[in-house]
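One structure is given here, and the rest of the page talks about it.
Derivation of every value follows stated rules applied to the coordinates shown; laboratory data play no part. Not measured: the values here are computed from a predicted model. Neighbour counts are summed over all protein chains in view; Cβ atoms, including those assigned to glycine, are modelled from backbone coordinates with ideal geometry.
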Amino acid sequence: MEKPLDPTELLAQKFGDVFARQATKDDMVTLWLPLGRLKEVLYFLKTDHRPAYRFLYDITAIDERSRKKDPSNPSEHFTLVYHLFSYGGNGFLRLKVALKEGELSVPSITNLWANANWYEREVFDMFGIRFEGHPHLTRILMPLTWEGHPLRKEHPARATEMGPFRLWDEKQDREQEALQFNPEDWGLERQSDDSDFMFLNIGPQHPGTHGVIRLVLQLDGEDIVDIVPDIGFHHRGAEKMAERQSWHTYIPYTDRIDYLGGVNNNLAYLLSIEKLAGITVPERANVIRIMLCELFRIASHLVWYGTFAQDVGQLSPVFYMFTDRERVFDIIEAVCGGRMHPNWFRIGGVAQDLPLGWEKLVKTFIDYFPKRLKEYDDLVMRNSLFKARTIGIGIFTTEEAIEWGVTGAGLRACGFDWDFRKKQPYSGYENFDFDVPLGENGDCYDRAKVRVEEMRQSLRIVEQCMKNMPEGPYKAEHPLTTPPVKKQTMKDIETLITHFLGVSWGPVIPAGEAMVCTEATKGANSYYAISDGNTSPYRMRIRTPSFAHMQTVPYISRGYTVADLLSILGAMDYVLADIDR
């Protein structure tokens, strides 16, 4: 692998002194550039810079109008933020553009990165920033009839601020009309020279969609010509809610993003907060966190495994695998008190120390589970019908995966060796011995093969946690962690005051911004946290893997049949709340 490189010097040589560097708490290279140079800079970074920034990780925006003025921040109204990643250089790059309130128009980069399409639509939907040249710039998460842009500061954050809901006849007619699908709006034809196309809704309620999502299929007989995904049915405004919660009280909301990933959501959020606050997590807390994350990875993969087999016609596996998932939840419940949504990680560590007897529960599962995985290999992976429905279906190459923003098992199924736990270790993952499973063909079967082997590797990590659990505190001794150890609050007034303020108001996180990318159950996940030195986040951007993955469905489904689409959706392992947030 090429050595990580700071692109600042090369960019200055190429474009001159047009960049302003911003210091951030996460030490990510962050550059401000003028709007007029944006597209040529992005083109250079993707195509000519070495190592290239081939992966468009995220696009988002910030409404700066209510923010405390920072001399290092040249933006007064809105900021457009691009996160790029270089696999060759193993590094992120953050680019920022300042926009004025009356001039919210920027060039689209959909002709440079395919996955920019949905990210630009989301920024338009949430902030009202227009992307000139975008092929179909419409709302993506909010209804087409929605008024206003929810992530602007003037938009109400609570339903109680919006008045009672009323559905008069004219409004109902307007809403129903907006739901009608018009192929011409999406550049789709109703007929070709030799056939008439049929348009078919799969969803919003359909067992093959694993939740409330609508896929409009353009069909030539049974063959898929194109697909228009319609998302947002599960959108709850998770990023908006962060702006009215304290840094502590937002933790349970993260549980509900990838609702199968449990504490993996907490970890991605808390690592960013701990970067902002300069908190060092004790070794014992790190190992506890890793153990719980890997148990949840197994639990999440079991849900995917069973439902995927069910999608392609096997009914029995889902019952067996959900039963084994309950065995994982027995451990989670004993440790955390909760099951799917434990809300157990805290700023600086975890809520409590491990209970007595936890080793026995973990060891019992470690001894039990490998035999079950072998049985599932025979039941599912070696089943001839399962193979017929998945081998050679939904193929994409490594280059296509990177272009569309695919991460996690989907990327590794193409044979690309990339796992953030290995390449950019966090929470002490560098101290663990585990392998990164790889596929070869990038099809549905290889995506399944990789995830099955990931469960075995997670089990290896859990076993190492059990055998090498360090002694020491389970949370950092830092005034911004929550709450201080109870016995200390009874000894000195300063700790008691800190406890009171931390519980009532929440901690004041120092001003700045930070983002840490984690290898979640479904791919690359991060929380881009921005503080203006207050008890609540000023802006919280949640980058989820499922949002990027769902955007690939039309591209990898064309030419296949409707039955193949269910295999493609099942192999993708997405969660609707992870898409819609």
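Using the Karplus relation 6.51 cos²θ - 1.76 cosθ + 1.60 with θ = phi - 60°, the per-residue 3J(HN,Hα) values for the stretch 202-208 come to 10, x, x, 9, 7, x, x Hz, with x marking Gly and Pro. Bridging of Lys69 to lysines at a Cα separation below 26 Å is possible for Lys25, Lys96, Lys100, Lys153, Lys240, Lys275, once same-chain residues fewer than 8 apart are set aside. Per residue, the average separation of C-alpha pairs within less than 8 Å and at least 6 apart gives the stretch 229-361 a relative contact order of 29 percent. The relative contact order of the chain, computed from alpha carbon pairs under 8 Å that lie at least 6 residues apart in sequence, is 17 percent. Which part of the stretch 345-365 falls in the paramagnetic zone of Met490, meaning amide N under 19 Å from the point 7 Å along Cα-to-beta-carbon? Within reach of a label on Met490: 352-353. With R₀ set to 41 Å, the beta-carbon distance separating Glu101 from Ala178 gives a calculated FRET efficiency near 0.90. By the count of other C-beta atoms within 10 Å, a proxy for reagent exposure, Glu375, Glu333, Glu122 are ordered fewest to most as Glu375, Glu333, Glu122. Placing a pseudo-label 7 Å from each Cα along the Cα-to-Cβ vector at Asp377 and Arg236 gives an inter-label distance of 3.9 nm. Global dimensions of the stretch 8-154 from alpha-carbon coordinates: Rg and Dmax equal 15.3, 47 Å. One decimal place: the segment Phe500-Arg65 gains 153.5 nm when fully extended, by the rule 0.36 nm per residue minus the C-alpha distance.
Take every DSSP beta bridge with both residues inside the chain and express the antiparallel ones as a percent of the total, to the nearest 5. Bridges in the chain that DSSP calls antiparallel: roughly 90 percent.
Only aspartates and glutamates eight or more places from Lys374 in sequence, or on another chain, were considered; those with a Cα closer than 12 Å are Glu453. With the cut-off at under 13 Å, measuring from each backbone N in the stretch 457-475 to a point 7 Å along the Cα-to-Cβ line of Asp353 picks out 470-475. Using the Cβ-Cβ distance between Val212 and Glu154 with R0 set to 41 Å, the FRET efficiency works out to roughly 0.90. Computing FRET efficiency as 1/(1 + (r/R0)^6) for Asp194 and Ala12, where r is the C-beta to C-beta distance and R0 is 56 Å, gives about 0.50.
The alpha-carbon of Lys46 sits under 16 angstrom from the alpha-carbons of these lysines, leaving out residues fewer than 8 places away in its chain: Lys14. In terms of its C-alpha gyration tensor, the chain has a rounded overall shape, because the principal axis ratio a/c (a ≥ b ≥ c, square roots of the eigenvalues) stays below 1.5.
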